[in-house]
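The values are calculated or read from the model by the stated rules, or taken from the named source; none is laboratory data. Source: prediction; values computed, not measured. Heads up, the Cβs are rebuilt from the backbone with ideal geometry, glycines too, and the neighbour counts pull from every protein chain shown. Side chains included, ligands, DNA and RNA excluded: accessible areas come from the protein's heavy atoms. Shrake-Rupley method; radii C 1.70, N 1.55, O 1.52, S 1.80 Å.
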Amino acid sequence: MEGAKREIYEVIIVGGGPGGLTASLYTSRARLSTLLIESALFGGQMTTTELIENYPGFPQGVSGDELSRLMEEQAKKFGMETVAQEVVKVSLEADLKVVQTPESTYRCEALIIGTGTEYRKLGVPGEKEFAGKGVSYCATCDGAFFRDSQIVVVGGGDSALTEALFLTKFAKELTIIHRRDALRGTKIYQERALGNPKIKFLWNSTVQEIKGDSMVRSVIVKNVKTGQVKEFETDGAFLFVGLVPRTQFLKGIVDMDEGGYLLTNEDCETSVKGIFAVGDCRKKLLRQIATAIGDGATAAFAAEKYLELKE
Ligand code: NAP
């Protein structure tokens, strides 16, 4: 990534997922000076998705890596500047928004937040201890380490189902442990998971503890209907029990709901004039690439209007 070239940008975008990259494409094409701050890889959670089937224009599906690369290339083509840093604080200085990272301080007139979400932790004994030693939150990153092994996936949403389906490429046997007796994920993923001979289900069950030596060896599972507790042997535990928005650094600055999701109006504007939110970190009905992209375009256009009216 290149360094920042100005003292004050018209627009700063925090987060280089599909929402942030789209916002950047639009503000750069509108000839607004734009800085995108991304702490890791462009593409956000897309980068860890093996095959994206529900983004229009790719009838055969597209890999998350490829779509991320294409979006980054397109945004850069129109002059987006980028820095690879993590934003730790945002504050207000009259009309300007001040964005701080451990390395630098940046100022802008309009700020677009697209920091997405991270996987929620299960919060059981052994989870931290065995992270990277059999406990994982990313099937595309770690799946290949589990060739011919027996693994469990915890959760019943789209993440658990899509990642479980991906993991059947490697695992000998896979058990989805879900706390209810009905799945939450999209019907097509439910059908595929329920119809996959490698996938078994432990319904009405929660993981109480993850055990092992140098690697995970078992999970302690409780049946929430009967109260029965048993030890279930496994080589790995993939945990997909929901998402938590990456919005901590905005606490006390913009309004958010009790879960930390940013509250916006239909133009993606937050409770602070000139601060917008896009993608998964925003409170909304559907968190997908397609909706993040719509947010990015909307917020960029709204930011442009905000800057025009300010002058
Ligand atoms: P999610 O939809 O919130 O599902 C979380 C799952 O974990 C639920 O089944 C929930 O159980 C379970 N859970 C939550 N806390 C738990 C706990 N403490 N112990 C045990 N189980 C727990 O999260 P997600 O699957 O990560 O999906 C998040 C969003 O991303 C959704 O909007 C989803 O559609 C989207 N997404 C889409 C795709 C795709 O379209 N390809 C792929 C991945 C994610 P309950 O069902 O009982 O609440």
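Tabulated data
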| item | result |
| --- | --- |
| Where a residue in the range 95-118 is touching a residue at least 40 places away in the same chain (Cβ under 8 Å) and within 21 Å of Tyr261 (Cβ to Cβ) and its partner, wherever it lies, is charged (D, E, K, R) and open to solvent by less than 20 Å² (accessible area, probe 1.4 Å), with Cβ under 7 Å and at least six apart | Leu111/Lys97 |
| Tally, over the range 223-272, of residues that are over 21 Å from Arg120 (Cβ atoms), in contact (Cβ under 8 Å) with a residue 12 or more places away in the chain and of a type in the set (Lys, Arg) | 1 |
| The range 279-311, subset in contact (Cβ under 8 Å) with a residue 60 or more places away in the chain and of a type in the set (Asp, Glu), residue most open to solvent (accessible area, probe 1.4 Å) | Glu304 |
| Single residue of the range 167-177 satisfying the filter (in a loop (DSSP other than H, G, I, E, B) and in contact with a strand residue (DSSP E or B) (Cβ under 7 Å, 6 or more places away or on another chain)) that is farthest from Phe232 (Cα to Cα) | Thr168 |
| Search result, residues across the range 144-166 that are within 15 Å of the ligand (Cβ to nearest atom) and in a helix (DSSP H, G or I) | Asp158, Ser159, Ala160, Leu161, Thr162, Glu163, Ala164, Leu165, Phe166 |
| Subset of the range 270-311 [away from the ligand (no atom under 12 Å from the Cβ) and touching a helix residue (DSSP H, G or I) at 6+ places or on another chain (Cβ under 6 Å)] | Gly274, Phe276, Val278, Ile293, Asp295, Gly296, Ala297, Ala299, Ala300 |
| Residues (open to solvent by 70 Å² or more (accessible area, probe 1.4 Å), over 15 Å from Phe238 (Cα atoms) and in contact with a strand residue (DSSP E or B) (Cβ under 6 Å, 6 or more places away or on another chain)) located in the range 180-217 | Lys198 |
| Residue match in the range 235-242 (condition: of a type in the set (Asp, Glu) and surrounded by 15 or more Cβ atoms within 10 Å (Cβ to Cβ)) | yes |
| Check on Ala160, of a type in the set (A, V, I, L, M, F, W, C) and open to solvent by less than 30 Å² (accessible area, probe 1.4 Å) | yes |
| Unmet criterion (only one of (1) open to solvent by less than 50 Å² (accessible area, probe 1.4 Å); (2) assigned to a loop (DSSP other than H, G, I, E, B)) for Lys128 | (1) |
| Matching residues in the range 85-102 - criterion: being charged (D, E, K, R), modelled with pLDDT of 95 or more and outside any strand (DSSP E or B) | Glu86 |
| Strands (runs of 3 or more DSSP E) wholly inside the range 1-84 that include at least 1 residues being under 19 Å from Gly294 (Cβ atoms) and open to solvent by less than 60 Å² (accessible area, probe 1.4 Å) | 8-14, 34-37 |
